[in-house]
1. Among the residues that make up the stretch A:62-84, is at least one of them touching a strand residue (DSSP E or B) at 6+ places or on another chain (Cβ under 9 Å) and within 11 Å of another protein chain (Cβ to nearest Cβ)?
2. When both residues are 6+ apart or on different chains and their Cβ atoms are under 6 Å apart, which pairs have a first residue that lies in the stretch A:85-110 and is within 9 Å of another protein chain (Cβ to nearest Cβ) and modelled with pLDDT under 85, and a second that is part of a loop (DSSP other than H, G, I, E, B) and surrounded by 15 or more Cβ atoms within 10 Å (Cβ to Cβ)?
3. Does the stretch B:11-39 hold any residues that are more than 25 Å from residue A:105 (Cα to Cα) and touching a strand residue (DSSP E or B) at 6+ places or on another chain (Cβ under 7 Å), and which are they?
4. Count, please, the residues in the stretch A:42-55 that happen to be within 12 Å of chain B (Cβ to nearest Cβ), within 14 Å of residue B:99 (Cα to Cα) and modelled with pLDDT of 90 or more.
5. Exactly one condition in (1) in contact (Cβ under 8 Å) with a residue 24 or more places away in the chain; (2) more than 10 Å from every other protein chain (Cβ to nearest Cβ); (3) in contact with a strand residue (DSSP E or B) (Cβ under 8 Å, 6 or more places away or on another chain); (4) surrounded by fewer than 18 Cβ atoms within 10 Å (Cβ to Cβ) is not met by residue A:28; state its number.
């Protein structure tokens, strides 16, 4: 069965702290994604990775960075957390390259609160 | 501008009733359209994916339709159950990795 896990379900951090969100998938998927989800808005893509050590900016990369040292693991880093980064963060993975009916499989999400 | 708009924003129906959720999009080029179900506090789960040539696709009590000419899709839920309470999100895939997400319709099933 497909499995995407995220390191924390809930996280509370202070402004200025460095925050690490980790995502692991066990499906040998090539592509991994980080989104944030805010009330009343659709998911917004922060970064994605199509291979180990490869990354691409999404729609809202400012204030974030990512790391993909191993195929199964994709980390999202908030270098200096700010209150406007309070959100639900969702990780997803997919097998197919661009094109094709590549279903995204999501983790349970991390609800981050920055005080 | 590429956009996906869903209506209604929220919907409350009685258990056992049917309902239809709407999705209008202005995404070009169009690759495919997906419907996801997202339970509260969970990540989205795929229900259906439809390409340009597919008009309808079913997954159990869920039936999605696509009219590529009018750029509209609907998700019909038959004989609703309490477990159908969730947000339903329409997503349109454009070029390459581009996915345009709707804000979702929050569906509440009352016993």
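The values are calculated or read from the model by the stated rules, or taken from the named source; none is laboratory data. Nothing here was measured: the structure is a model prediction, and the numbers come from that model. Using ideal geometry, Cβ is built from the backbone for each residue, glycine included, and neighbour counts are taken over all protein chains shown.
1. For the stretch A:62-84, residues touching a strand residue (DSSP E or B) at 6+ places or on another chain (Cβ under 9 Å) and within 11 Å of another protein chain (Cβ to nearest Cβ): absent.
2. A:98/B:97
3. Listed by number, the residues that qualify are B:11, B:12, B:13, B:14, B:15, B:18, B:19.
4. Count: 5.
5. Only one criterion in (1) in contact (Cβ under 8 Å) with a residue 24 or more places away in the chain; (2) more than 10 Å from every other protein chain (Cβ to nearest Cβ); (3) in contact with a strand residue (DSSP E or B) (Cβ under 8 Å, 6 or more places away or on another chain); (4) surrounded by fewer than 18 Cβ atoms within 10 Å (Cβ to Cβ) is unmet by residue A:28, namely (3).
Rundown of residues vs (1) free of Cβ contacts under 8 Å to residues at least 40 places away in the same chain; (2) within 12 Å of chain A (Cβ to nearest Cβ); (3) assigned to a strand (DSSP E or B), yes/no style:
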{"site": "B:22", "(1), (2), (3)": "no, no, yes"}
{"site": "B:33", "(1), (2), (3)": "no, yes, yes"}
{"site": "B:36", "(1), (2), (3)": "no, yes, yes"}
{"site": "B:46", "(1), (2), (3)": "yes, yes, yes"}
{"site": "B:50", "(1), (2), (3)": "yes, yes, yes"}
{"site": "B:75", "(1), (2), (3)": "no, no, yes"}
{"site": "B:79", "(1), (2), (3)": "no, no, no"}
{"site": "B:83", "(1), (2), (3)": "yes, no, no"}
{"site": "B:90", "(1), (2), (3)": "no, yes, yes"}
